[in-house]
Structures are given as C-alpha cells and as structure tokens.
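Notes to accompany the following structure.
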Amino acid sequence: MREYRNPFKIRTAEQIDSIETFLRLFCPSTLDLVSQDKFLGRVEIYRSAPGGGKTSILKIFTPHSLLHIFELRENEEYKEIYTKMKELGVISNKGPTLLGVMLSCARNYAVLEDLELNKGQKERLLFSLFNSRLILAMLRGVLFLKGLEYPKDLDKLTIQRPHNVDLPLEIPVPCNGKELFDWATSTEKNVNRIIDSFSLAQPSAIAGHETLFSLFLMNPELIRYNNTPISSSILVMFDDFHQLTRFQRKTMFSTLFTLRAPVGVWIAERLQALETKDLLTQGSNMGREYGEIITLENYWKNASKSKSFENTVKNIADRRASLSNDVQSFNEYLQESTDTLEWDIVYEEAIKVISERICGKINSSQKYKNWIKTVEEIKKSDTTPQERAIELRALEIMVARADMKGQLTLDMTLLEEDFLEKKDISRVLSTAEYFVSKEFKIPYYYGISKLSNLSSENINQFLSFSEEIFEEIISARLLKKDNKKISAKRQEAILKKVAKKKWDEIPLQIHKGRMVQKFLEAIRELSTWETNRPNAPYSPGVTGIAITMEERDILINSIVNNENSKYENIAYIISACISNNLLKVSIDEKQGGKKWMKLYLNRWLCLHFGLPLSYGGWRDYKISEIVEWVEGKPVNFKKRNRMR
Amino acid sequence: MISFEEPLRWDPYFIRCGKEFETFWNSYLLKKNTNILYILGGGFDPRMCIGIYSIFQIKGSGIRDCMLICYDEGSSSPSKEHFMSLDINKAKLKLLIEREPIIRKIQMWSSESDANRRRVGSQKAADIFKQISELEKYDDIIIDISSMPKGVYFPLIIKVLSILDRSHKEQNKTPNLHVIVSEDAELDSRIREIGLDENVNYIPGFSEELNSEATSEVPKVWFPILGEGKLGQLKRIYDHILPDEICPILPSPSSNPRIGDKLLIDYRRLIFDEWRVDTKNIIYSNEKNPFETYRQLIQAIYHYRNALSPLSGCKPVISAVSSKLISLGALLAAYDLKLNKGINVDLVNIEAQGYEIIKPEEDIPDNSQLFTLLLKGEDDDS
C-alpha cells in the first residue's frame, strides 16, 4: 500500500475507499430527518451552509451507497444505518429497493443565460440538458444497482413509454437502454456544442425541450431488466440547486410544481440567508407541492448530534493516522487535560487568587457569610487543583450575579438552588474554565473534544486543523520523542497558527474581504465584552449576533429591489460570510416573541478571537448598527448595554 | 488510436523578443503598406502602453487603428482603487495614437446583485467580434495582452483566431494575427490578486468535457501550469475538477533560474501530500516559449488518451495559473486539439475580484521585455 507521510492532508481517496469513507463519516441519526413520505411524489427541499451536510443526505441514497450498506450489513459499523434504511423502506432483505438518481446543478447550466438567445430558447435548452442528463444518470444508476457493466449492458434494459403523458416523438421509447442512452448522449452533446460554439448557433439547432418530461420516465414500472421492474421506487435528487441562475431556479421550481410527476424529487441547496421566498411561494403550496423546508444546521445543533460528530472525527483521525507507517492512533498523542503537575502550580496560584478575591468581596457583607464556608470546603476538597480552581471561579460568577441582582435580603435556599441547578451549573462551570484559562494563561484549546468543536460540524475543517497537529506528531517521532504526547500548550499554539493563517487569507479569498474582517472583528469585540462580564450573563459566552426576520427582509429588499441601498453592502457581507463558512446561520428562530436570524461565528474564528467554543450565546443588533461597524465607527458596547 | 505524429498547427512557429522584437517589426512595417488593428486592454498595469508604443512609433504606412477594451466591473470593484494608474495609462495612449481609439466596454459581471452575480466577462470578450467583416479591412490584427486578464484575452484570441480560420477556408486571404505581451516577472510578483471568485470559470468554447454526464466515468487528467502565489486558485480549481491524474507544469527554464524549485517548495504540501502527485508527472516547460508548452501539452494529452484508451480515453483539463506568456501555450494546445484534431480539452480558470500592488510606494523598475507571437500568418494553410 502506498505510504502517506501525512494522511490528514488527503482530501480525496480512490473510488472504493471514498464510498467507505463517506459511509463511515455519515452519521446514521441524520436519517431521522427523513421519513417514508419524503419519497413520494412531492418536492422536498434541504438547505445548509457550505459543509453542512446537504450533499451527504442525497448521496446516501445513491445506488453506490445503498449497495455498500447492504453488502456490509453484517459489519457492526454499518448495522445502524442498514436498520434505518430498512425502516425507510429503501433497502430490503434482498437489496436496495430505491433507485436514487443524483444530478449536480453546478454544471454549465448558468452559462445558458449568457448566450445570445431569446428567453424561450434558453429555457428549452435548459430542459434539454436536464432531461438528457437525468436519463443518463438514471441509466448508469440502474446498471450499477443490478450489478451490470456500464455502458456495455445498456441493451439489457427496456424502457416503455408512459401512458397518458405527452412525450416528444423524438424520444425513442419504447426502446432498449442503449437506444435511450444514445439519444440522451446526442441531446446533451448538441446542447454542449451550442454552449461551446465559436459562432452563433442556427435557430434550427436550438429546438430544445418544452418541459422536464424525463421525470415521467422515472417510473420503475417502465424500466425493466429481465422483464422485472428495476426497483420499487425512484428518487430524483438535484444537488447545488443554488448554482442555477435566479431565472432558472424559478423556472425549475415552477415546472416541478406544475408537472407533479409521480416521482419523489429532492432539492439540496445552499442556505442563502438573504433570499426571498418568492421563488417558492408563487403558485405553489407547502404541503401540496413541496414539503417543509429542512435546514440542516438546526438539526445538527442538538447536543447528541454533536457528540456523534465527535465520535465520527475521532474515528476519522485514528483511521487516517493508521495510514501512515509510524503512527497508529491520533488521539493517544494528544494531551487531553491540563490536570498535570506542570499546571498544578498554576492552578494552586489560581485557587489562592480567586479565593482571596471572593473572600474580599463576601467578607465585607453579612449576607454572604455562609458562602465563606463554601469557599473553604472547595479549597479543602480532595478534587484536583484544576477542579477546585474552576469551582471557585464558578462561585465567583455566582457572587457577581447575586450582586447584580442587588439582593439585600438574601434567601439562601434560593441561592443554593440557583447554584445547584443542573442546567445552569454546567454552563457556569464551562465559563469558569474559560475565565481561569484566560486569566492564568492556561491552555484552553486542546484535546479531541475541542478539536471537534473547532470543526463546526465540518469534516474538511477538522482535517485542516488536525493535519498540522499530525505534522507535529510525526516530527516528534523523527526526533525520537516517541512516547511524548503533544502538550496542551503546543496543541493550542498550533491551532492558533492555523486560525491566523485562515484569517489572513480572508482578504485574498473573498471580495470585499477587508470589510468582512471589519464586520467579524466587530462581532469579536461585542462577544468578548459580553462574554467577559463578571456575572457571565450569557454563559458559556456570546459568540454571535442576531437580527430580526423583519430586518432580514430589509436586507433582502436591498439586494432584490434595490431598496435602501445603504444596506446592500451589509447584505453582501453577511452573504459572503455565510457562503465562505465564516458564519453559521439559522433563520426563523423564535425567542422573546420575535423571530430571529442568528449568525454565529465559525468556531475557528472563536479560536482566533480567544472566545469560548460553545454555541448558545448571542446578542441582537439592528442593521443600522451593523452598518456603523463596517464603516469603522467605534461602538461603546457597555453604554449600549446600559441603554437596553 | 491517436498517433503522436499528427502535424502540429504551430510547427514551425514564430516568436521574437527583446531586440529581435524591434528588428522584426521595423522591417515588417517599413517594407510595405500595412493596415493594423491594435487591440489592448485598459488597465492599471504600467505595461499597458509599452507594446503599442513600440509598434506605432515605427513610421510605416497604412491604417493604425486602436481598439481599447474597457472592463465594467461594477461599482464595487476593488480595482477602482487604481483609477489614477488607469487614467495615466489612458493619457499615455492618447498621446500615442492619432485617432480616437475604438472603445469596447465589456461587462464583467451579470446584472444580479453582489450576492447572486456571476462572472460573464469571458463570454462578453468572446462576443466582441462576431464575423470576418469586422476584421477583413486590416492586414494585421495585433492583440496586446499585457493589460488583460486571462478571462478576457483567452476567449478574445480564440474567437478572433476561429473567425480568421473559418474565413481562410472560404476565401484564402485573411488578416495575420499577432499576440504581443510585455513580460516582467518581477512586476508580476508585485501584483497580487485579492478576493478570489468562489466558482471556477470555463473559457468559452472549452467546457464540454467536465460538464458531460454521458462521459462522467472517463478519467480526468489535469494540467495546471504553475505560477507564484496561486495556492488558493489551485485548491479551488482542484476541488471543482477532482482529477484522477495531475501533471503540474513548472516554468523551467525561466528568467529566475530558481523559480521551479521555489514553486515546488511553496506547493510541496499541496502537490505531494494532498494531491499525491508522482514526481514523474511534473513537466518542465520553457517560461519564455509558449510554443514549447503547447507542444508538450499536446504530447502529454496524446499519451494519456492512448494509455487510458481501455477506459474510453481521458478528459484533459488545463488551468493556467501562471504568467501570461506560458499561459498562451495552454490556449494554443486547447485550440489546436479541438479545432484541428477533434479532441476536446477544457480550460478552467479562476478569476480574482481585484488586484493590489505590493509595496506601491516603491518605484517599479522597467525590466519588461516585449514578445511577439505570430498565430496566423500569410503562408498559413490552416
């Protein structure tokens, strides 16, 4: 087998390996958002930010994936996903029952808009391309599903003409697979030639197709092998739908809703934070023509899912490490705690400083005298210095909170309950850990959990950080430091260096990159201020902002209708941040009687800005305030907070 | 089976530089009446007027028309920062020509808003000329690419060449086509691209292979021609193509003898760790002779088509993320293969939203060297 110096740098693998890798990476619980009714004749729309998993949702239902899952069903690693696929009815005891036909829209469809043709011609060519490519993808998928050779065995398939459907006469059905393949190939080639022609196309060559009739051929009863339908059902999946032009998307949506072809259609597109719903709502109804739009980010935020992601990346890391000659496990080389002799001294100092601070505050007040006892109990407990330091810091936060509440008559029972409430305690302890790290310069960003958090549920992002850690591991081995773990301090230094490099690349990679940086730095400033408030009101910390959905509409109108052009810049910056994975977005989030669009910093930005890595804390702002940030006007967050 | 011995369009070829550039043009323009259309791009690059000055100051007889291609990049273009340099260049141009230039403004972006816009400049550049009647009154068409982005000069040259070739088949006598470029590696290293496009672009006419569903199983072979400071571009193009085989082309020999080593060091992790390129796949090509690059590319593409014929051949893809001169080799190879040998090659590019000059406070010394290439000549039988 080929030797890899640093297998974490590999972004693609050989074909067979990549399917297995894909399946290993795929979290089976993702399938919980898919139900049996999603395979019926309705359009289902999946949205996510880049790297959010929308393509994976589609890819898992392709013949390659389903066959692999079926073949490996006895393997412990694949049992869960096999079971879920059976529950969905797409795999049976005999094999896959669904033919998934997946087509990417990130091809030369948008170029049609730039040709010197009229609107009708462009539309017909668009349908021609989609029809021919859908049929080609379908034929290829069928052969793969049936274990036949592509394209050699195409003539073993028969395709019938659907009843009561007005198909163009040029389509050779009824025919065999080879004849249909030849027709589709020729159609695709003709359109490609028009696109790639150096001269104006003859009008006669631009006949094209009137509609997306290929969907009516996506009927298992019509496609047969050995006189048997090739599957129980067919699912058509369009990936990267956002790559079509606005006009093309509108045309496709309208056609899909009007045709109501008896085949399930899934659409995966990027979550465009600033896009109108017009494209969907004109003449169509949610529930009838299309199902509820699913935004994957909202799904992944669930805590159990993030643990699953951590397990997945651990698995990926160990598997990649084992591809190198010398290192078999990635995780075992990472120091996972600062609960070591090296840092005990620092923690002991922290305990001293924090307890003196607390006592200094509470000694002077009768109301807290019972808490002095708590301080002493913590100091004398037999937990580790790290744990004691964190507990004391958490206590200090609670004292600050009590102070803020201005409680003159202290109800100790209430306070004790406040302190002991499980929901709050883990957040406060998390904040305390962060505060202790910052104040006493103890590493905070290290270990596989934090590395997983840094990835923002994105495998490529995980690899971009872990590849540098792995460089350190192999360097250490070269220097014969075989058994030495990479210290927490060293891990943090490496991760910060990677984050800095990503930050420096922003102006080079993104249009108006410097403005984007200004915007992000403003979020950093407000997040830092809010997070480090003594009472930690938004523990474990603020790492994002939110605007109301009404203000979001103003931003959209600035783009679409050129209204309020002063907001057009901000609208672009927010869009750029999302499409470049700098911000994580979720929309229609209900809180406080309003609906919000939340924008969280990508976790690597939190590392770069020295912020905690957990989600949850955000602050609302008006778009007029955001305009001021980008214009460089200083913002007094303290004053703003007092005014609210 | 494709033979290695298929005649090459540009064999023999014609290229002159430096003093030989001057000698050639002096003797060519002084010996007879010659009507010239000189096409150049209106940009901030200080090399914009060097070529036209060299040609127009020769006192030959004949029409001397100038076409200036201006880029409409929208109100938010970062290049607007260089408006002073552009104005200086335009003023210089005005002094050099007798008649007002023919202005062709090309829209670089679609009309949608910032968030949804697409790059359309390449298609618009290809649409500047549509038929021979726009060119036939000239004896020589000169396209000066010194101040043109790749997304403009690639489709422009290809379109003009295809119009001339088509016309030649019908009526024999057509204008000659020259390409001029002012090369200065040091200056190139001080101009940095900022704000990469998110999506790659195909040069119009060369996009069929990667977009074909019918041949999606055929292996993709990618030939990136490497240049300095293009890590982001290479990564994005790679992510789009996902090639099965990669043959990087290194400029060597070069005016900087260490550039080949430098590029390998700069891109070491990308090429060897991520892409896992075999060192045997690296092609070394003369930075100053695009015809050599052209020849090497055609040979390599023939080789892969033959080797991969049991897998139905291959889909060749070329990306020139390099200096202009060596990039022309990619253009010539793709054009010759497609139009003369029926082999499709995709040309994949990624543009920048703007440019900045590193250390603008420092003077830019003039180390530029002029090159002239003849792409279609009087004795051309194509």
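Among the trypsin sites (Lys or Arg not before Pro) found in the range A:546-628, those both in a DSSP coil and sparsely packed, with 14 or fewer other Cβ atoms within 10 Å of their Cβ, are A:LYS622. Radius of gyration (Cα atoms) of the range A:1-160, expressed as a multiple of 2.2 N^0.38 Å: 1.22. Rounded to the nearest 20 debye, the dipole magnitude of the range A:163-250 is 180 debye, with +1 charges on Lys and Arg beta carbons, -1 on Asp and Glu beta carbons, and the Cα centre as origin.
Please compute the Kirkwood hydrodynamic radius of chain B from all pairs of different C-alpha atoms, in Å with one decimal.
Averaging 1/r across every pair of different Cα atoms and inverting gives 21.5 Å.
Could you give the Stokes-Einstein D for the range A:508-631 in µm² per second, using the C-alpha Kirkwood radius, 37 °C, 0.692 mPa s? My calculation gives 223 µm²/s for D. Seen from B:LYS262, the other residues with C-beta closer than 11 Å to its C-beta sum to a net charge of -1, counting Lys and Arg as +1 and Asp and Glu as -1. Eigen-decomposition of the gyration tensor built on the alpha-carbon atoms of the range B:262-317 gives equivalent ellipsoid semi-axes of 23, 19, 7 angstrom, largest listed first. Seen from B:GLU213, the other residues with C-beta closer than 12 Å to its C-beta sum to a net charge of 0, counting Lys and Arg as +1 and Asp and Glu as -1. In terms of overall dimensions, the range B:140-285 has a Cα radius of gyration and Dmax of 18.0, 54 angstrom.
Each of A:THR548, B:LEU331, B:CYS49 was scored by the projection of its Cα onto the charge dipole of the protein assembly as shown, and the greatest displacement toward the positive side belongs to A:THR548; charges sit on the C-beta of Lys, Arg, Asp and Glu.
Calculated [222 nm] ellipticity per residue, helices only, for chain B: -9500 deg cm²/dmol; basis is -39500 (n - 2.57) per DSSP H run with n ≥ 4, divided by all residues, nearest 500.
Take every Cα pair under 8 Å whose residues are at least 6 apart in sequence, average their separation, divide by the length of the range B:198-350, and the relative contact order is 36 percent.
Shown here are the Rg and Dmax of the Cα trace of the range A:426-483, at 14.6, 42 Å. Since only B:GLY60, B:ILE259, B:LEU37 are under comparison, the one whose Cα sits farthest along the positive direction of the charge dipole of chain B, derived from C-beta charges on Lys, Arg, Asp and Glu, is B:GLY60.
Take the range B:198-350, drop everything but the C-alpha atoms, weight them equally and run the Debye formula without solvent; then report log10 I(q)/I(0) at 0.17, 0.18 Å⁻¹ to two decimals. Treating every Cα as an identical point scatterer, log10 I(q)/I(0) equals -0.95, -1.07. In loop segments of the range B:108-178 as defined by DSSP, the trypsin sites (Lys or Arg not before Pro) with at most 12 further C-beta atoms inside 10 Å of their C-beta are B:LYS137, B:LYS173.
Restricted to Cα atoms, the protein assembly as shown shows a radius of gyration and a Dmax of 31.8, 108 angstrom.
Accessible area per residue for the range B:198-350 is 34 Å², calculated with a 1.4 Å probe on protein heavy atoms, without ligands, DNA or RNA.
When DSSP beta bridges are restricted to pairs lying wholly in chain B, around 35% turn out antiparallel. Could you tell me the center-to-center distance, by alpha carbons, between the range A:566-637 and the range B:192-230 in angstrom? Here the two parts' Cα centres lie 33 Å apart. When nucleic acids and ligands are ignored and a 1.4 Å probe is applied, A:ASP382 ends up with an accessible area of around 150 Å².
With one equal scatterer per alpha carbon and no solvent term, the Debye-computed log10 I(q)/I(0) for the range B:185-254 at 0.16 1/Å reads -0.71.
Under the convention that each Lys and Arg Cβ holds +1 and each Asp and Glu Cβ holds -1, the size of the dipole of chain B around its Cα centre is about 480 debye. Among residues other than A:ARG133 with Cβ under 9 Å from its Cβ, the summed charge is -1 (Lys and Arg +1, Asp and Glu -1).
To the nearest Å, what is the center-to-center distance of the range B:91-111 and the range A:449-476, using C-alpha atoms only? If you average the Cα positions of each part, the centres end up 50 Å apart. A straight Cα-to-Cα reach below 22 Å connects B:LYS338 with the lysines A:LYS189, B:LYS124, B:LYS130, B:LYS150, B:LYS159, B:LYS169, B:LYS220, B:LYS315, B:LYS324, B:LYS376, residues fewer than 8 places away in its own chain not being considered. Rounded to the nearest 20, the Cβ-based charge dipole of the range B:198-350 about its Cα centre (Lys and Arg +1, Asp and Glu -1) stands at 420 debye. Using a 1.4 Å probe on the protein chains only, how many percent of the accessible area of the protein assembly as shown belongs to carbon and sulfur? Its accessible area is 49 percent carbon and sulfur atoms. Between the residues B:PRO204, A:ILE587, B:PRO224, the greatest Cα displacement towards the positive end of the dipole of the protein assembly as shown, with unit charges on the Cβ of Lys, Arg, Asp and Glu, is found for A:ILE587. Residues A:VAL165, B:VAL179, sorted by accessible area with the largest first, give A:VAL165, B:VAL179 [1.4 Å probe; ligands and nucleic acids excluded].
The values are calculated or read from the model by the stated rules, or taken from the named source; none is laboratory data. Fair warning: this is a prediction, and the values are worked out from it, not measured in the lab. Ideal geometry is used to build each Cβ from the backbone, glycine not excepted, and the neighbour counts take in all protein chains shown. What goes into the accessible areas is simple: the full protein's heavy atoms, side chains included, and nothing from ligands, DNA or RNA. Shrake-Rupley method; radii C 1.70, N 1.55, O 1.52, S 1.80 Å.
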